[in-house]
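Everything below concerns the one structure shown next.
The values are calculated or read from the model by the stated rules, or taken from the named source; none is laboratory data. Model, not experiment: these values are computed from the prediction. In this analysis, Cβ positions are derived from the backbone assuming ideal geometry, glycine residues included, and neighbour counts consider all displayed protein chains. We work out accessible area using only protein heavy atoms, side chains counted, and drop any ligands, DNA or RNA first. Shrake-Rupley method; radii C 1.70, N 1.55, O 1.52, S 1.80 Å.
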Amino acid sequence: MIQLLGVILTLVCLILCESFNPCHFALHLSLLLLALIIFNNKSESATFIVAIVGIGIWYFSKNQVTTLDTLILIFSLVFAELSTSDIFPAFIRKVYFVPYHVKVWPVILVYGIIFAELMRVGMSFKKGDKNSY
């Protein structure tokens, strides 16, 4: 059911957003990379590097980067990649990070942001507003 939800959300976004300039292509690519991790029930810790690449594409393809975007990028790097490393004490990893699946929450957050941005851009193109991302 979760994989079906991922396919439906991704297809809705790809179908409704018909604008394909290079910035939007980067957003679509990053959305697909994040969906590969979020909606795959067999994702392992090592495969989260794919999600980090998607987050990097999202961040570096923006025309104007806000402070919130930078904080989200740092938050994603720390918790999605470094939460299972030796940077954090073993007690914190075993008690908080592993049981609560802390690794996936920043990826879900960025997926939601990208989805909303693509839907906003897609709807503005349908109305005739040709502003770039």
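Things to note:
- Förster radius 22 Å - calculated FRET efficiency between F97 and D69, Cβ distance, rounded to 0.05: 0.40
- Given their separation in residues at 0.36 nm each and the Cα-Cα distance between them, E44 and I15 gain 7.5 nm when the chain is fully extended.
- The phi-based Karplus calculation (6.51 cos²θ - 1.76 cosθ + 1.60; θ = phi - 60°) puts the 3J(HN,Hα) values of segment 72-81 at 5, 4, 5, 4, 5, 4, 5, 8, 7, 10 Hz, whole numbers, x for Gly and Pro.
- A straight chain from I113 to I2 at 0.36 nm per residue would run longer than the Cα-Cα distance by 38.0 nm.
- Derived scalar couplings between HN and Hα for segment 87-95 equal 5, 9, x, 4, 4, 5, 4, 6, 8 Hz in order, rounded to whole Hz, by the Karplus curve 6.51 cos²θ - 1.76 cosθ + 1.60 (θ = phi - 60°), x for Gly and Pro.
- Descending principal axes extents, segment 1-124, alpha-carbon based, whole Å: 48, 36, 18
- Accessible surface of segment 40-84 [probe 1.4 Å, protein heavy atoms]: carbon and sulfur percent: 67 percent
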